[in-house]
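The structure appears right after this line, and notes come after that.
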Amino acid sequence: MIEELLAGNRRFVAGEFASHRDYYHALSQAQRPRILWIGCSDSRVSEHVITDSKPGTIFVHRNVANIVSFNDVNIAAIIEYAIDHLEIPDIVVCGHYKCGGIAALEEGISSHYIADWLLIGSGAKEAVDRIAAAQALPRDAKLRLLVEENVRLQSKHLHNLSLVKHRRPPAMIPRIHGWVYCMDTGGIKVLVDGFAGDSV
């Protein structure tokens, strides 16, 4: 696989890079992304591919189940850099159906670090457990709903981070979007459409 990646790079250099050399040269001088993408680490969900976007347009953070944690220095630093230094106006939290992390949140998992990480999504599971019991949802429908509810929850977590929540004009206040990607259709479902400030 490593040799395949290096061979792919050679094809990239000879094809895409050579054909758009000026664009990549400009990118090498500075980045000006307009979106911060908080997505899942799943190898099947590439933000640039599913949005048909060029390099340099999306600033990216990915983790298991697209979680926004209150005590994760990594994601806090990324968000702070995105809004304070890159002045990115829009943040997308994007989950996806058939997410292994969400299945583990639903069914439980014995891996300690992953189980602890997924606790951050427990509010979504509690809400979906109530809905599923009331509506007698089958497993697949419940998992789809849990994916969606987790995106809504993580969008709220993002809004409630102090470095986002306490921003006031004239500082730029980022708009928060919650999306779900469907691998079966290739489409994106919009759940949260750009709330900002105290408009949750």
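Which of the residues that make up the stretch 39-90 are among the polar types (S, T, N, Q) and in a loop (DSSP other than H, G, I, E, B)?
Residues satisfying the conditions are Ser41, Ser43, Ser46, Thr51, Ser53, Thr57, Asn66, Ser69, Asn71.
For the stretch 14-38, name all the residues that are surrounded by 11 or more Cβ atoms within 10 Å (Cβ to Cβ), assigned to a helix (DSSP H, G or I) and either among the aliphatic types (A, V, I, L, M) or touching a helix residue (DSSP H, G or I) at 6+ places or on another chain (Cβ under 6 Å) (or both).
Answer for the stretch 14-38, where residues must be surrounded by 11 or more Cβ atoms within 10 Å (Cβ to Cβ), assigned to a helix (DSSP H, G or I) and either among the aliphatic types (A, V, I, L, M) or touching a helix residue (DSSP H, G or I) at 6+ places or on another chain (Cβ under 6 Å) (or both): Phe17, Tyr24, Ala26, Leu27.
Please verify whether Ala133 is hydrophobic (A, V, I, L, M, F, W, C), loosely packed, with under 13 Cβ neighbours inside 10 Å, more than 15 Å from the chain's Cα centre (by Cα) and assigned to a helix (DSSP H, G or I), treating the condition exactly as stated.
yes
Which residues, counting only those in the stretch 1-49, are charged (D, E, K, R) and under 30 Å from Ala104 (Cα atoms)?
Asp42, Arg44, Glu47
Scan the stretch 157-200 residue by residue and report those that are in a helix (DSSP H, G or I), without any contact (Cβ under 8 Å) to a residue 60 or more places away in the chain and either touching a helix residue (DSSP H, G or I) at 6+ places or on another chain (Cβ under 9 Å) or outside the structural domain of Cys99 (by TED's automatic domain parsing) (or both).
Hits for the stretch 157-200 are His159, Lys165.
Can you confirm whether Ile78 is closer than 26 Å to Gly123 by Cβ, in contact with a strand residue (DSSP E or B) (Cβ under 6 Å, 6 or more places away or on another chain), surrounded by 15 or more Cβ atoms within 10 Å (Cβ to Cβ) and assigned by TED's automatic domain parsing to the domain that holds Pro170?
Criteria met by Ile78.
The values are calculated or read from the model by the stated rules, or taken from the named source; none is laboratory data. In this text, all values refer to a predicted model and were calculated from it rather than measured experimentally. Glycine gets a Cβ as well: all are built from the backbone with ideal geometry, and neighbour counts include every protein chain shown.
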